[in-house]
Structure formats: C-alpha cells, structure tokens
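Take a look at the structure set out below.
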Amino acid sequence: NQISIKEIFHQKQLLKRIIIGMSMHLFQQATGINPIFTFGGMIYENILGTGIISLLILSGVNLFSTIPALFLFDRLGRRNLLIYSGLAMFIGHLFAATVFYTGCDVIHETINNTMINHDIVKCKTSSGIIMLIFTAIFVAFFALSWGPIAWIYAAEIYPLNIRARAMSLTTGSNWFMGIIMAYILELIAPLGIHGVFYLFSFLTFMAVIFVYLFCPETKGILLEDIEDVFDNFQLKNRKIIRIIRKPCQQTIIKTYL
C-alpha cells in the first residue's frame, strides 16, 4: 500500500532512511562537481589561458570514467566506492587548492581609475597543468562513485510503497543544494580560488565521514532485509553487514500438454 508523505514522517525507520538518502544527495552536490563544470572554463581560462580545452578535458574524463563504474558497483560495493573514491576526490581538491596557493599570484587592479576592481590570475604553466590534473582526478573518481551511486543507493534503501515519494524528496534535496552551489562564484572574491577548493575538499571529506558513519553496504541485500540492515548498523559493527537471507534461485516450471 502506498504511504503518504505525512505518514512517512511519522515512521522513524522510514524517516531515517529518507534523511540518509537526502543527505547523500546534499553531499553529492557539496563536493563541487557542478561549479567545476559551470565555472571551470572561466577559472582555467585565467589560469592556463585555455578555458575551453580544459573544460573539454574534464568532460572527457567524466565520460570515460563513468564506463568502469558500470562494472565496479557490484564488484566493490557501493559503500567502499563512496568512501575510497571520496578520499581520492578530497585529495584532488586539496592538492589543486595547494598548487594554486603556492604557484599562482592574484593581482588586484582598478579599471580606469574607477571603483571597479579586477583580479588578474598569473600562474606558472606547470602549476596550472598540475592543478588541472588534480581536478581531473577529482572528476574521474566522482564519475566512478558519487555521481551514479548516490542515485542507486537512494533507490535501493526505499521500500516500494514509498519509493516514488521518497525519490521526489531526494531529488528535491539534490536540486536545492545545486541552487546553493550555483552561488559559489560569490565566494571567490573573499576566499580566493584556492579557498573555494579548500572548502570543496572539506565538504568532500565530510561526505566520506557521513557514509562511514551512517550508510551500510547494500550490495546483495534483498529489499525485504534493508530495514534489518539499517537497524543492525551500529557504530560497533559498521564494517560487517550480514545478509539475512539469500535470494531464491529462479525456478523454471515446464508445462507439457
């Protein structure tokens, strides 16, 4: 039977899973993937002078890194991919920010003696290339994990009778955070480009902590057992998830006339 949204918020176990699903999508956007593709061309235009080429490189990395993800979901598990790829994403942001901080200079200029300030970024070519490489590392591991798995994981943890409504709430949280991240360009002035990348690295690390603490493995778990998996997923046994029952083997019935 279908359950209304009002009833969902009165059932503790369902509400817990919805909060986890929505939080995962908030963190997915908080990693900074959309600002990198939205403003990446402009940022790398200032750094390397090749904004379009840099954006094409990142888009190609995103495309080709999604392909192996199709085979790694069930082989490595959702939880492991989210955690270890999240750490690689964190490192990518962290090193990109550090390279910009140490290898680039930001010159503040005033346009024609007016009150309008203009920032000119001057980087060593090697620093710009290294920064692009670490950003590509972030994009590659995002495409392997947080990009697709956030949607897969949310769909797996919701019962069928609330899945449509729960996914609507989850998608709403994704778009909500996407709107907030669209204003990230406003932070470049007070924080600098390196400060924004440091912020992304911090939020990505928090996403990894979130998965480690609250998200059990769902690989090979039947939908009927998801509730028990979340009930038994405590801090003391977060690493071990027991499959309560194995999927039944398919039975083929032949009818002879």
Filter the range 1-18 for residues that are modelled with pLDDT of 80 or more and either of a type in the set (Val, Ile, Thr) or under 17 Å from the mean Cα position of the chain (by Cα) (or both) and give the result. ILE18
Those residues of the range 83-107 that are farther than 10 Å from MET131 by Cα and in contact with a Lys or Arg (Cβ under 6 Å, 6 or more places away or on another chain) come to a total of 1
Entirely in the range 124-237, the helices (runs of 4 or more DSSP H) that have 3 or more residues that are touching a helix residue (DSSP H, G or I) at 6+ places or on another chain (Cβ under 7 Å) and crowded, with 18+ Cβ neighbours inside 10 Å: 125-144, 146-157, 163-181, 188-214
For the range 51-75, how many residues meet the condition of being at pLDDT 90 or above and either crowded, with 18+ Cβ neighbours inside 10 Å or assigned to a strand (DSSP E or B) (or both)? 3
Of the residues that make up the range 19-31, is at least one under 30 Å from LEU213 (Cα atoms) and modelled with pLDDT under 90? no
So the check is Cβ under 7 Å with 6+ separation or different chains; which pairs have a first residue in the range 202-218 that's closer than 18 Å to PHE230 by Cβ and in contact (Cβ under 8 Å) with a residue 12 or more places away in the chain and a second one that's β-branched (Val, Ile, Thr) and outside any helix (DSSP H, G or I)? PRO216/ILE241; GLU217/ILE241
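The values are calculated or read from the model by the stated rules, or taken from the named source; none is laboratory data. Only a predicted model underlies this, so the values are computations on that prediction, with no experimental measurement involved. A quick note on method: Cβ atoms are made from the backbone with ideal geometry, for glycine too, and the neighbour counts reach across all protein chains shown.
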